[in-house]
Amino acid sequence: MSASRESILRRLRETRVPRHHPAAAAWSPLRYADPLGEFEQRLEVAGGSCVEIAGRDELAAALGALAPFRDAEKIASPLPEILSTWDAADPRGWAELDFAVLEGQLAVAESGAVWVAPSDSERSACFLAEHLALVVRRDSLVHNLHEAYAVLDPSRSAFGCFIAGPSKTADIEQALVIGAHGPRSLVVVFWG
Amino acid sequence: MRVALFVPCYVDQLRPSVAHATLALLERCGFDVDFPEAQTCCGQAHLNSGGARDARVLATRFLEIFAPYEKIVCPSASCVATVTQHYGDLLPVSPELLAIRAKTRELSAFLATEVPSTALRGRWQGKIGIQPSCHGLRELRQGRSTERRDGHPFDPLRNLLENLEGAEIVDPVRTDECCGFGGAFCVEEPGVSRLMGLDRLRDHERAGASVVTSSDVSCLLHLEGLARRERVPLEFRHVAELLECATRDPS
Amino acid sequence: MTHPERANAFANNEDRARWHDQALWFVRDRRDRAMQGLPEWEGLRAEAARIKGETLSRLADQLESFEDNAIASGAKVHWAGDAREFNDIVLDLLRTRRVTRVVKSKSMLTEECQLNPWLEAHGVEVVDTDLGERIVQLRREPPSHIVFPAIHLRKEEIGETFHAHLGSPKGLADPTRLTEIARGDLRSKFLGAQAGITGVNFAIAETGGIVVCTNEGNADLGTALPPIHIACMGIEKLVPKTADLAVFLRLLARSATGQAITAYTSHFHGPREGGELHIVIVDNGRSETLANPSFARALSCIRCGACMNTCPVFRRSGGHSYEATIPGPIGSILEPVRDAARHASLPFACTLCGSCTDVCPVAIPLHHQLKAWRGELTERALTGKWKRFCLALSRAIFERPGLYSAAGRLVRWLGRRLPRRWLYGKANTWGIARELPEFPSESFRERYRRERARER
Ligand code: SF4
């Protein structure tokens, strides 16, 4: 082990850091009367949109109603309901991708976020695609992040991500621009 | 109740009218007020400028001089904050220190809690802008800080003004932004201090205020100095001056 | 140069200073609205402060369990005592893998250690991929804010920069089109990169995982495409448990930009298949900060930037006026720990208004620490001699009520008698921008004494 490791840890062990005890009033995380409505509103503010369907069999039709999907030439998805028109052997091969559809495991109302844990190749598709759709079960919706982490175990996959809208930036004079590097649009499809 | 009047050094020398108004108000409310003449300065300026050693000497003096009194009332929120919130950084905890901390109150907080509001009825014609003292707000927790999510904060200054007939409080857009005085800051960082002050003046002017009030005198001296230089037609009255005038018996 | 010199220059360009003030106030306003949306805000802040406090008090154990778990997940962990060692570790990792093209997402740590110039000097092209950072990188300027690196620039200036470096049409100043041009340019950099460097927002002790938050998705592209991921973190980035992330993520984006959460919150546990994940843990003065009881809590900072947005001085003096990697209130505490003499003016660039303390999501008592710094700088004789003399002199006067009254009388007498020309001479820094107050002929105590004597 490196000398720096030992000396950093030694220095830290020699240090007595005064414990700080803030007087915390009891609190409990916010829950919503209408979590789905909250999710939709959050996602909309963040530049995304929501679609609800009753069953997976409606998925293709629901996406077909969206212009970016209709116009897409190169579509990729591990979902059996979607007809992929593009595949890549290398992560960089997804650079031309028009539309990716991925499965989300869980949605969080307070943040308008969906948890995805894509495989390695799905992962680059997820960020290189011009447009992204995430498909998530309606009953996986939780109220807040505390509830989300109570259910999730991020350490089970090499990569997992809360996605809460299309890629965006406000680095030029605070003007919000959608589509900084990654997808220019995000649609979340709730089913069930 | 035997009340000691704590008059900050700069109020004593530069704006004595605030101290006179404080005295008059307290006496009008029936308090037996004494001004301990040995007092000079609480050490705030020293402490805030890095002179903790010097401040410690003055804090020790303060403790001796004000020990005999039941209550200590002061028309400057920042000086009160120094005594109640920061003497503990300078002096070892002692029964004397704890007693002084518990006894020292800022004028508007004292009036709002110790005097029935009926005793402070009065009239004021005109629109009042409040320039909250940052130390009153964020050290003494008097007033609503926009940064925090507290339910119903204790806001004695506002309550006292709302009690005046005819008075209309007009809030600027940024209700609790610092005026830019900051003690030595105002002379060490003149460019930023000036701009901060001018922005407050503009904000109060746009809100339609004709007079700006505060529980700290230093903020008002700085704003008044700027307004006079820039010919901004705003008046500046410390809350003691304003209340004393508004509650004066017309007869 | 000291802070006042640079700040005066910025503030004296009133239009620009007001524009900068307004831009950041706008962010503060959005943050307030996001805060209002969470009734438990103050409880959440206290919880965050508690977790960070606990973590810092047993940081060595936490770091060790983080390391064990990270290694178990397949990551390689490296330790750097200082900036030099950190730069060497990264360069060595790249060299042994023959990497010459690197993309980097935001990391204030790499800024602090000056990693870019080091890599460039050794033949590695580093491209900052956060749009704001890319802008200042092209301009060869340091970032002026930790969340909005290019907040000091107007869109016209950015347009000129892009015209010069990226061949955008002259005069183009539309943010959407400028962003589009940057997107196109950076896309090719992402695709061509051999390694991706990221910062770390949170490191989880119980799993060995790291979390990176961005809005642009640049950290994700930078780690999904090239096979090598180098994550750089200070020792203070730890949280004990995965569940703790909920507390910090709820606070972070709301405080930083007013969003409920950033567009991407990415969790990494080990490398992807066939790839490498290297985590470099850096001290570079942090353990010394921790050893100083006055400032230890400053290490709880989660770099949201809210204290900068709310600071009335920062908004009117600009981030560059601090000449520090981390500007604003938190920077004015952290930077002097590294080099007190160089940054001695920073703790004084503050009115002690306390807004930063109230806004801080981890409840660091920022303005009290700034005040503590002033005391420490005075003790170490790093403040001006004249200032220290004035403090001692005035204290000596205040100890003697008779002398104090006489001095007051003299000052007021002079104030009333001296011709304006003298009164507003060079020494009167108050008078640069303001009129002096009217000097009363009698102090309060003089009149009080006179009236009481008459009563008796
Ligand atoms: S000190 Fe607090 S407010 Fe400032 S950047 Fe750090 S976490 Fe945010």
Three principal axis lengths of segment C:71-286 [C-alpha, angstrom, descending]
53, 41, 35
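With an 8 Å Cα cut-off and a minimum separation of 6 or more residues, compute the relative contact order for segment A:89-155 in percent.
Working: 101 pairs, mean separation 27.7, N = 67.
Computed over segment A:89-155, the figure is 41 percent.
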Compute, for segment B:2-112, the length of the dipole vector about the Cα centre, with Cβ point charges of +1 (Lys, Arg) and -1 (Asp, Glu) only. Units Debye, rounded to 20.
180
Kindly identify residues of segment A:98-115 having a loss of at least 20 Å² in accessible area between the isolated chain and the assembly of all protein chains, probe radius 1.4 Å.
A:GLU110, A:SER111
Under the 0.36 nm per residue contour assumption, what length would be gained going from the current alpha-carbon distance of C:HIS165 and C:ARG409 to full extension?
81.3 nm
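Report, for the protein assembly as shown, the % of DSSP beta bridges that are antiparallel, rounded to 5. Write down the numbers at each step before the final one.
Values: 21 of 88 bridges.
That works out to approximately 25 percent antiparallel.
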Rank these by accessible area, largest first, 1.4 Å probe: C:LYS104, C:LYS241, C:LYS170.
C:LYS170, C:LYS241, C:LYS104
Choose one answer from A:VAL135, A:VAL45, A:VAL17: the residue with the largest mean-square fluctuation in a GNM of chain A with alpha-carbon springs under 10 Å.
A:VAL17
Kirkwood hydrodynamic radius of segment B:119-247 from all distinct Cα pairs, in Å?
14.9
So for chain A: antiparallel DSSP bridges make up what percent, rounded to the nearest 5?
30
Unit charges at the beta carbon, dipole of the protein assembly as shown: most positive-side option, B:VAL93, C:GLY402, B:PHE6
C:GLY402
All-pairs alpha carbon distance profile, chain B, 5 Å steps from 0, percent
1, 6, 14, 18, 20, 17, 13, 8, 3, 0, 0
Residues of C:13-25, mean number of Cβ from any other protein chain within 10 Å of their own Cβ, rounded to a whole number?
2
Treat each spin label as a single point 7 Å out from the Cα along the C-beta direction, and report the C:GLU442 to C:ARG97 distance in nm.
8.2
Beta bridge orientation in segment C:71-286: antiparallel %, DSSP, nearest 5:
25
How big is the accessible area of C:TRP79 in square angstrom, nearest 10, if you roll a 1.4 angstrom probe over the protein chains?
10
Leaving out ligands and nucleic acids, and using a 1.4 Å probe, what accessible area per residue does the protein assembly as shown come to in Å²?
37
Segment B:2-112 -> Rg/Rh from Cα coords, Kirkwood Rh, value 0.95
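Accessible area of segment C:71-286 with a 1.4 Å probe: how many percent of it is carbon plus sulfur? Mind showing how you got there, number by number?
On the way: 3120 of 6350 Å².
Roughly 49 percent of what the probe reaches on segment C:71-286 is carbon or sulfur.
Give me the percent of accessible area attributable to carbon and sulfur for segment A:33-191, probe 1.4 angstrom.
Details: 2940 of 5880 Å².
Exposed carbon and sulfur together represent 50 percent of the surface.
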Distance histogram in 10 Å bins (all Cα pairs of the protein assembly as shown, percent per bin)
2, 12, 21, 23, 18, 12, 8, 4, 1, 0, 0
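Among B:197-208, C:297-308, how do they line up by average Cβ neighbours within 10 Å per residue, starting with the highest? Please report the intermediate quantities before stating the final value.
Numbers: B:197-208: 19.7, C:297-308: 24.8.
In decreasing order of mean packing, B:197-208, C:297-308 become C:297-308, B:197-208.
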Please compute the modelled spin-label separation between C:GLU435 and C:LEU418, points set 7 Å along Cα→Cβ, answer in nm with one decimal.
1.8
Any idea what angle helix C:401-417 forms with the longest principal axis of chain C, computed on alpha-carbon atoms, 0 to 90 degrees, nearest 10?
90
Test of understanding: what is the full-extension gain from B:GLU64 to B:THR118, defined as 0.36 nm times their sequence separation minus their Cα-Cα distance?
15.9 nm
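Can you give the FRET efficiency for A:ARG137 and C:ILE71, using 1/(1 + (r/R0)^6), R0 = 35 Å, r = Cβ-Cβ distance, to the nearest 0.05?
Details: r = 35 Å, r/R0 = 1.00.
That pair, A:ARG137 with C:ILE71, gives E of 0.50.
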Residues of C:142-148, mean number of Cβ from any other protein chain within 10 Å of their own Cβ, rounded to a whole number?
1
Rounded tilt (10° steps) of C:366-379 against the dominant C-alpha axis of chain C:
70
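If you count, for every residue in C:239-250, the Cβ atoms of partner chains within 10 Å of its Cβ, what is the mean? Show your work: numbers first, answer last.
Numbers: counts 0, 0, 1, 6, 6, 1, 7, 9, 4, 1, 7, 7.
Other-chain Cβ atoms within 10 Å of each residue's Cβ, averaged: 4.
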Ignoring ligands and nucleic acids, what accessible area does A:TYR32 show with a 1.4 Å probe (Å², nearest 10)?
40
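Arrange the residues C:ARG254, A:ARG137, C:ARG272 by how much accessible surface each exposes, largest first, with a 1.4 angstrom probe.
Largest to smallest exposure gives the sequence A:ARG137, C:ARG272, C:ARG254.
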Ignoring ligands and nucleic acids, chains A and C bury, in total, an accessible area (1.4 Å probe) to the nearest 100 Å² of about 6700
Once both label points are put 7 Å beyond Cα along the C-beta direction, the C:ARG380-C:GLU451 separation in nm becomes 5.0
Once all protein chains are kept in place, B:TYR10 shows an accessible area at probe 1.4 Å, nearest 10 Å², of 50
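As a test of reading the structure, rank B:ARG237, C:ARG84, C:ARG416 by solvent-accessible area (1.4 Å probe, protein chains only), most first.
Numbers: B:ARG237 65, C:ARG84 145, C:ARG416 95 Å².
Largest accessible area first, the list is C:ARG84, C:ARG416, B:ARG237.
Nearest 100 Å², what total accessible surface is buried between chain C and chain B (probe 1.4 Å)? Kindly include the intermediate steps, with their values, before the conclusion.
Values: alone 22550 and 12220 Å², together 28120 Å².
Buried: approximately 6700 Å² between B and C.
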Rounded to the nearest 10, the angle in degrees between the Cα long axis of helix C:83-96 and the longest principal axis of the Cα atoms of chain C comes to 20
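Rounded to the nearest 20 Debye, what is the dipole magnitude of chain A about its Cα centre when Lys and Arg each give +1 and Asp and Glu each give -1 at the C-beta? Could the numbers behind the result be given before it?
Working: 18 positive and 26 negative charges, 249 e Å.
Taking the Cα centre of chain A as origin, the dipole is about 1200 debye.
Per residue of the protein assembly as shown, what 222 nm ellipticity follows from adding -39500 (n - 2.57) for every DSSP H run with n ≥ 4, rounded to the nearest 500?
Details: 42 runs with 412 residues, N = 899.
For the protein assembly as shown, the value works out to -13500 deg cm²/dmol.
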About the Cα centre of the protein assembly as shown, how large is the charge dipole given +1 on each Lys and Arg Cβ and -1 on each Asp and Glu Cβ? Please answer in debye to the nearest 20.
3580
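The values are calculated or read from the model by the stated rules, or taken from the named source; none is laboratory data. This structure is a prediction, so every number in the text was calculated from the model and none was measured. Cβ atoms come from the backbone with ideal geometry, glycine included; neighbour counts cover every protein chain shown. Side chains included, ligands, DNA and RNA excluded: accessible areas come from the protein's heavy atoms. Shrake-Rupley method; radii C 1.70, N 1.55, O 1.52, S 1.80 Å.
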